[in-house]
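The values are calculated or read from the model by the stated rules, or taken from the named source; none is laboratory data. Computed from a prediction, not measured in an experiment: that's the story for all the values here. To get the accessible areas, we keep the full protein, side chains included, count just its heavy atoms, and leave off ligands, DNA and RNA. Shrake-Rupley method; radii C 1.70, N 1.55, O 1.52, S 1.80 Å.
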Amino acid sequence: MVDQKNVKLFQIFYDSETASQIQSGFEPLNNIDGPADFFEIYPIFKYLKSNEISDDKWFGFFSPKLQEKTQITSEDVCQEIQEIDEQYDVCSFSAHWS
């Protein structure tokens, strides 16, 4: 039996509208007061700097428009991560693969 990988997924929000769009399976990551010039980078950096990051977890940080742009859900992300060979440390999702 293969051990399930530990996955922690976040969806960034900027205001009450995007906060209400957080999808099931994602933890909200607040960027309401973040500097606009840094977009998603600021809340990701802030989270990584303020929390303990362990090698046995997979962390994912996503735009509030993830599903709209890609048709990908948190379940899809988790499934892909579960299928990744142990030699890899990164899994990338993009609406613009090219």
Anchor residue 49: lysines whose Cα lies under 27 Å away (excluding residues fewer than 8 positions away in-chain): 5, 8, 57, 65
Whenever you get a sec, compute what percent of the accessible area on the chain sits on carbon and sulfur atoms (1.4 Å probe). 49 percent
List the aspartates and glutamates whose Cα sits under 18 Å from the Cα of residue 69, skipping any in the same chain fewer than 8 residues away. 17, 40, 80
Once you treat every alpha carbon in the chain as an equal point and sum by Debye, what is log10 I(q)/I(0) at q = 0.17, 0.19, 0.24, 0.25 Å⁻¹? -0.82, -1.01, -1.42, -1.48
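What does the helix-only formula give at 222 nm for the chain: each DSSP H stretch with n ≥ 4 adding -39500 (n - 2.57), the total divided by the residues, and the result rounded to the nearest 500 deg cm²/dmol? Walk me through the numbers before you get to the answer.
Details: 4 runs with 29 residues, N = 98.
Estimated from H runs of four or more residues: -7500 deg cm²/dmol.
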